[in-house]
Structure formats: C-alpha cells, structure tokens
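Asks: After the structure tokens below, expect a handful of questions from me.
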Amino acid sequence: MMFAHGFGCDQNMWRLVAPAFAGTHRIVLFDHVGAGHSDTAAYDFGKYASLDGYVDDVLDICAELDLTDVVFVGHSVSAMVGVLAAVRAPDRFGALVLVGPSPRYIDDEGYSGGFSRADIDDLLASLENNYLGWSSAMAPAIMGNPERPELGEELTNSFCRTDPAIARQFAEVTFLSDNRADLAQVHVPALVLQCSDDLIAPEQVGRYVHRHLTGSTLRLLQARGHCPNLSAPAETIAAIEDFVAGGAAAAR
C-alpha cells in the first residue's frame, strides 16, 4: 500500500492512517521531490512542470521496490498522480484510493470544479507575492475544522516549510491541470473518498470523478474539510478497510 501526500505536505500526514494497514500490507511512504525531507537539490523545474514528473517518480519507486498489486492511496493532487500512474502502468496497481480528488479545479462549460479562472489566478498571485501570509490564511480554510485550530496550525507549518518557488510551481501545476479525460482510461478498482464542506474539492467534483471512473465506489465521509487523514483518521481507515476487503479484493 503506497501513500502519496498532497500539496504543501509530506509523508508525515499519513502517520495516523498508514500504521493501521501495516499488519496486512507492505507500507510505502515517500515525500514528493521538493517536500518534506526530500533532496530539494533534485527538484527540476522542467521535469515538474506537469504532473507527469511526479508520475515518473511513483513508477520509479514501484520499479525500484518491484511492487505489483499496489493499493495507491493518493490525497488531493496525488489522487490524479495515482490515476495517471495507473493509466501508464496498469500492471503495477491493484486499486486506487482517491482522497479528495479533483481532475480539474477550474469551472468549464458543463463542469463545476469549484473555482473560476480568476479565482485561481488570484490564488497563485497571492501565493507568489506573500507565500507565508498565503499559507497562514489558506491552510486553516483548507483544513476546514475551525473548532480544532491545532489542525490548521499543523497544515500551516507544513506549507511554510516548503520552498516558496517550488510551492508556486506545484500550485500552478495542480490548479491548472485538467485530467478529466484520463479518468476513463483507468481499469483498476477505485474508491473516491469525499469529505463534506471541502473547499478544494467540493462534493460535485467527487461525484464527477465517481461517474467517470468505471465501477468505482464513492464514499461520502462525515469528515469536514480537505484532510480527513488528519481530521478524521478513524473514519478514513474504516472506509479504506471496507474497500480493500470488499470491492477491491473481489475485483482482483
């Protein structure tokens, strides 16, 4: 079982979830290049100008560790990294767990992604002009649990540890991506975990992903915000366990 973190985070964000599966799965945790304890000197602005660079890294890990039948658990933008990896190398993957996925953040004709292009342009400009200020304002809103300020504070601190130039490019790659057409090319079982009151990936987006991933399972969580791996780990674990023991196992 491979866990991939989202924007501004690192593998530590899975510390409340991943250990629950250590008895039944080989656990693989990693930091995207430019995040956590990765070697930031290895960050290549050309390579990581699209999600394909992150997909390359996931597949390199799979090859290096000789992984097959992987249950890939991807949070936020890493959900689409998992989708793209499963399309490119389907023999490596047994199932996808997509936590707060969005194939496109910007509204389009007949599609509601939750943001206008102007919204995203403003977000990227604010991030570039004052990254620390942006992080302090955005992280608690993304976390979505104001009555538990320690959660927003953890996410803020995580954002602030990221190199601003790397964060700016990763944000641009994330929020300007459009992976809607890739969903139909996925042929492994998939679980879509959708939180309530998710600022980044609203419910209509999760339902869109579910409709366009053939045979996928949609699980609506009571957890609020965009990071149930931190705010509601027990509910997140239970949903993944049900999926792995049920639909994913039956499809193999």
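Asks: Once Lys and Arg get +1 and Asp and Glu get -1 on their Cβ, which of A165, G215, P146 lies farthest toward the positive end of the dipole of segment 139-237?
Replies: G215
Asks: For Y111, what residues show an amide H to amide H distance below 5 Å, using hydrogens built from the backbone and excluding near sequence neighbours?
Replies: Excluding prolines and chain starts, which carry no amide H, there are no hits.
Asks: Once you place label points 7 Å from the Cα toward the Cβ at D178 and E203, how far apart are they in nm?
Replies: It works out to 2.7 nm between the two label points.
Asks: What does the charge count near L124 come to, summing +1 for each Lys or Arg and -1 for each Asp or Glu among other residues with Cβ under 13 Å from its Cβ?
Replies: Charge balance near L124 sits at -3.
Asks: Provide the packing ranking of 169-175, 190-196, i.e. peptides ordered by the mean count of other C-beta atoms within 10 Å per residue, highest first.
Replies: Order by mean packing, descending: 190-196, 169-175.
Asks: Right, another one. Could you tell me what percent of the accessible area of segment 3-65 is made up of carbon and sulfur, with a 1.4 Å probe and every protein chain present?
Replies: For segment 3-65, the apolar C and S fraction of the accessible surface comes to 51 percent.
Asks: Calculate the FRET efficiency for R26 and D56 from the Cβ-Cβ distance with a Förster distance of 22 Å, rounded to the nearest 0.05.
Replies: 0.55
Asks: Can you tell me how the chain classifies by the Cα gyration tensor, rounded, prolate or oblate, using a/c under 1.5 as the rounded cut?
Replies: Rounded, because the longest to shortest axis ratio a/c is under 1.5.
Asks: How do the peptides 78-89, 99-110 rank, highest first, by the average count of neighbouring beta carbon atoms within 10 Å per residue?
Replies: By packing density, highest mean first, the sequence is 78-89, 99-110.
Asks: Let me ask you something else. With the Cα gyration tensor of segment 164-252 giving a ≥ b ≥ c as the square roots of its eigenvalues, does the rule (a/c under 1.5 for rounded; else a/b larger than b/c for prolate; else oblate) give rounded, prolate or oblate?
Replies: It comes out oblate by the Cα gyration axes.
Asks: Oh, and also: Expressed as a whole number of Å, what is the distance separating the alpha-carbon centroids of segment 171-188 and segment 94-162?
Replies: Taking the Cα centre of each part, segment 94-162 and segment 171-188 sit 17 Å apart.
The values are calculated or read from the model by the stated rules, or taken from the named source; none is laboratory data. Please read all numbers here as calculations on a predicted model, not as lab measurements. FYI the Cβ positions are ideal-geometry reconstructions off the backbone, even for glycines, and counts take in every protein chain you see. We work out accessible area using only protein heavy atoms, side chains counted, and drop any ligands, DNA or RNA first. Shrake-Rupley method; radii C 1.70, N 1.55, O 1.52, S 1.80 Å.
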